[in-house]
Each structure stands twice: as structure tokens, then as C-alpha cells.
Amino acid sequence: MRTVEEHQRVVADLIAARAAQTVGLADAEGLALAADVSAPLSLPVFDNSAMDGYAVRAEDVAGADTNPVKLPVAEDIPAGRIDQLMLAAGTAHRIMTGAPLPAGATAVVPVEATDGGVDIVEIRSAPKVGQHIRHAGEDVTAGTTVLQTGHLVTPAALGLAAALGLGSLTVRPRQRVLVMSTGTELVSAGAELQPGQIYESNAIMLAAAVREAGGEVVATPTSSDDVAQFSTVLEGYAGQADLIITTGGVSAGAYEVVKDAFGGGSADGRRTSGPGVEFVKVAMQPGMPQGAGLINGCPIITLPGNPVSALVSFEVFVRPALRAAMGLPHPHRPRRTAVLADSLTSPKGKRQFRRGVYDATAGTVTTYGPPASHHLRWLASANCLLEIAEDVTEMSAGEQVQLWDLS
């Protein structure tokens, strides 16, 4: 069987980054920059007031701490006033936060340190030179690199870009992913279940996982176990996706539509690869049957159909490769070491990923629910996956165990 690491490399090699795109600021949020951002201007653009108050010459009010000084108010300067003013000696200008500082002013006295006068103001505090003034360029100097390639476009980064007058950014675009469930037994929510039918859940679950990983979901179609229908559905989305994820139809049964469609099925189960797609067994539980390859140049990852197997396989193989292709930070889930609170067993020769509940305060983890791959309820409320090595068959309470933090 293929090791987990070997299949991770296969998947990672298939999922390639898209060409950089220049997009509007609203569309850049959450993406990684594909080019440095240089400041076309300085911030602040001009000297301005950091307070609502009065622009003064500091020497005119030097003794105001002990002897209040009265000055005539020569101008009123709201934010947005664009004419250039000069502050004459022995006068004050009433000024609002963010308003341009008049030439000649060397300090701003907060309104709280005055009587708030409109025609004549009484200054009751002696400011230091430069106090409560935001000087031009003290935050950003024009021409400097303010955001580097690979930086995640956060709300703060968008705010900075907008403040610099930039309307767009060059980013690595999202991976466009088609998520497809297979199985004749699948029906959509709202339909009445017939004997032998179940509600489709894998495509909804995996689509959410794609979006959580930073990708874009093209569609979530469902196909029966009919090869012709499966192929027709895939052809209908040709050229729309950068990655195709299927779930189901890759095991060793008689109706494995994904294997059959790509020439990977056979009566005795020995044929494991078809044109462009390789079907393998990976030494892990859950998620042993896997497939990966190219269909008409588009990467396709074929995951098993049991819901826990599908989502765990996505976590182990697809999520890190998807995030890495988009240049997003932290492609891998955080790894922790914790004290096992109960005992467990694991199959020899397979890496087991068990659902667990991690208590970060206590530094302990408890296994959560049965290990079988159809127990989705337990995965839905677990906050970690315990990673049990291939050569470990038993672990006792009190031992150290590795886990993937899903919280």
C-alpha cells in the first residue's frame, strides 16, 4: 500500500497555482498577494490634527498651565478643508481631528484644555512643540514597500491599500473546485426516502470544507452509479474547475462508477489505474481507497464514499495542497501533543486518524466515538484528529499522542 506521505506528495504535485490576477479590493480579501505593494504616496498625506481642539504656536501659550492665555480664533478648520491657511502669531485656529494643520502652527491644544470658545478661546494648558500633530509621512513614506508578496489580504491590509488610493491588488486567485458525489442511493434533502436510499451529504460537507480552506466551489452535482451519466455530468462542467473532487465509487465493489469511468475497475479488483487516474490503497484508516490524476488536463482527486473517510481524506490530502496552491498561510492544521485520557487500539500497518476531544487547558485528549467511517455524528462534534502511527496497535491512558487541531 502507498504511505500517507507518498499520496500527499502525489496530490500536492497535481494541484498547481493559478496565474496571478489583479482584482478589486473587495475581491482580494482573504487571498495571498502575488506582488509587492509599494506606497504611491505618504501617510499621512499632510500634517494634520490628532485632536479636536485649537492649532496654536506653542510659544504663544507657553505659560498657560499656571496662567491661562486668551487668543482670538481667526479660523475654523473642519476636516476636508482644502485651502491652505497661515496661523498668525498671537491667534488660534479651531481645528477638528484629521483637518490640515495651518502653516505656522506648532502644536494643538485639545478642546478639553480650553473653554471651547468660538471667537476668543481661553487656553489652559501649555502644549509641547509637535504635541497632538500627525506629521506627513510618519506612518508611510512614499515609495516604500508596505505589503510583501505572500502577505494575506486582511481587513487591515485592505484598509491600508484603500488609504493609499489603490483600487486593486494582484493576488493568487482562489482554486475553483467541482465537488461531485456518486451513488444511485443518493437523494436530495426534501425528497421522501425510498427503501435503500439515503440523503446526499458528502458534496455539501466537502464543499463547505473547500470554502473553509479558502477555495471557491463551482458546483456540487450528484451522479448515479451509471458511467454514462457520471461522464455526462463531468463533461457539463468542462473547463470551469481547477480541481475536481469526487466521493464514492473507488472501492472494490461491483458498482464503482468512478473507477469504471476511468478504466480502473475490474471483476477481480486487480486493475488499479486507468487513463490519467491512478487508484491506490493508502495505509490509513479511515480512507484507504484513494485515486488521483488528470482528466483532460484538470486534476481530479477521488475520495472514498463513507462520510468520515471522505472528510478525513480531504483533511489529510486535499486541504494542505489546496491552501499551498493559493499561497495561503498555515496550509497544515496545527499539530499538538497531548496526554491520552483513555486507552485505544489501532490496526497494525495503517495510520489511524481517530476523532477526539482536546482539552487545551488540561493538555489532554479523549477518543470520541467509534473508529468506523460511517459515524459522522462523532466527527461533527470532535475538535481534533488523533494521529496513531502505523506501527502502534495499542495506547494506554497517560501516554503522549499526536493530534491535529481542527478547532
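Output needed: percent of Cα pairs per 10 Å distance bin for the stretch 79-173, bins running from 0 to the one holding the longest distance.
P(r) over the stretch 79-173, rounded to whole percents: 12, 35, 22, 19, 10, 2.
Per 0.36 nm of contour for each residue apart, how much would the distance between Ile204 and Asp27 grow if the chain were fully extended, relative to their Cα-Cα spacing?
On the way: separation 177, 0.36 × 177 = 63.72 nm, distance 2.39 nm.
In short, 61.3 nm is gained.
Please report how far the C-alpha centroid of the stretch 318-346 lies from that of the stretch 66-129, rounded to the nearest whole angstrom.
Their Cα centres are 58 Å away from one another.
Could you give the C-alpha radius of gyration of the stretch 21-71 expressed as a fraction of 2.2 N^0.38 Å, taking N as the number of residues it contains? List each step's numbers first, then the result.
Details: Rg = 22.0 Å, N = 51, 2.2 N^0.38 = 9.8 Å.
Against the compact-globule rule of thumb, the ratio is 2.25.
Stokes-Einstein at 20 °C, 1.002 mPa s, Kirkwood radius from Cα pairs: D for the stretch 143-293 in µm² s⁻¹?
Values: Rh = 18.2 Å.
In µm²/s, the coefficient is 118.
Over the chain, what is the relative contact order in percent, taking alpha-carbon pairs closer than 8 angstrom and at least six residues apart? Mind dumping the intermediate values first?
On the way: 951 pairs, mean separation 64.7, N = 407.
Relative contact order, the chain: 16 percent.
For Leu41 and Ser231, compute 0.36 nm times the residue count separating them, minus their Cα-Cα distance, and round to one decimal in nm. Please list the in-between numbers first.
Details: separation 190, 0.36 × 190 = 68.40 nm, distance 5.44 nm.
Full-extension gain reported as 63.0 nm.
Let me check I've understood the local charge: for Asp391, count other residues with C-beta under 12 angstrom from its C-beta, Lys and Arg +1, Asp and Glu -1. What total comes out?
Numbers: positive: Lys348, Lys350, Arg351; negative: Glu390, Glu394.
That sum, taken over residues with Cβ under 12 Å, equals +1.
Can you bin every Cα-Cα distance in the stretch 48-134 into 5 Å intervals starting at zero and give me the percent of pairs per bin, rounded to whole numbers?
3, 19, 31, 30, 14, 3, 1, 0
Taking N as the number of residues in the stretch 128-197, what is its Cα Rg relative to 2.2 N^0.38 Å?
Details: Rg = 25.9 Å, N = 70, 2.2 N^0.38 = 11.1 Å.
Against the empirical 2.2 N^0.38 Å value, I get 2.34 for the stretch 128-197.
Can you give me the % of accessible surface on the chain that is carbon or sulfur? Probe 1.4 Å, all protein chains present, nothing else counted. If you can, show how the numbers build up before the last one.
Details: 9840 of 18970 Å².
Answer for the chain is 52 percent, counting heavy atoms of protein chains only.
Over the chain, what lengths in whole Å, largest first, do the semi-axes of the equivalent ellipsoid take, defined as the square roots of 5 times the eigenvalues of the alpha-carbon gyration tensor? Could the numbers behind the result be given before it?
On the way: eigenvalues 803, 133, 64 Å².
Values for the chain, descending: 63, 26, 18 Å.
So how far apart, in nm, are the two label points at Glu5 and Ala142 if each is 7 Å from Cα heading toward Cβ?
Distance between the two pseudo-spin positions: 5.4 nm.
With every atom except the alpha carbons ignored, what do you get for Rg and Dmax of the stretch 276-407, in angstroms?
Rg then Dmax for the stretch 276-407, in Å: 15.5, 51.
Lys and Arg at +1, Asp and Glu at -1: add these up for the other residues within a Cβ distance under 14 Å of Thr364 and post the number.
Details: positive: Arg336; negative: Asp342, Asp359, Glu399, Asp405.
It works out to a net charge of -3.
Thinking of the stretch 305-367 as a set of Cα atoms, what percent of all their pairs are more than 14 Å apart? Could you put the intermediate results ahead of the total?
Details: 1343 of 1953 pairs.
Cα-Cα pairs in the stretch 305-367 separated by more than 14 Å: 69 percent.
Divide by every residue of the chain the summed helix terms, -39500 (n - 2.57) for each DSSP H run of at least 4, and state the resulting mean residue ellipticity at 222 nm, rounded to the nearest 500 deg cm²/dmol. Please list the in-between numbers first.
Values: 9 runs with 70 residues, N = 407.
Helix contribution divided over all residues of the chain: -4500 deg cm²/dmol.
Where Rh denotes the Kirkwood radius from the mean inverse Cα pair distance, what is Rg over Rh for the stretch 335-405? Show your work: numbers first, answer last.
Numbers: Rg = 11.1 Å, Rh = 11.9 Å.
Taking Rg over the Kirkwood Rh, I get 0.93.
If you take the beta carbon distance between Ala189 and Ala252 as r and set R0 to 25 Å, what does 1/(1 + (r/R0)^6) give as a FRET efficiency, to the nearest 0.05? The partial results should precede the final answer.
Details: r = 30 Å, r/R0 = 1.19.
Calculated transfer efficiency: 0.25.
The values are calculated or read from the model by the stated rules, or taken from the named source; none is laboratory data. Note that the structure is a prediction, hence the values are computed from the model and not measured. Counting neighbours? That spans all protein chains shown, and the Cβs are built from the backbone with ideal geometry, glycine included. The protein model used for the area step is the full one, side chains on, heavy atoms only, and it has no ligands, DNA or RNA in it. Shrake-Rupley method; radii C 1.70, N 1.55, O 1.52, S 1.80 Å.
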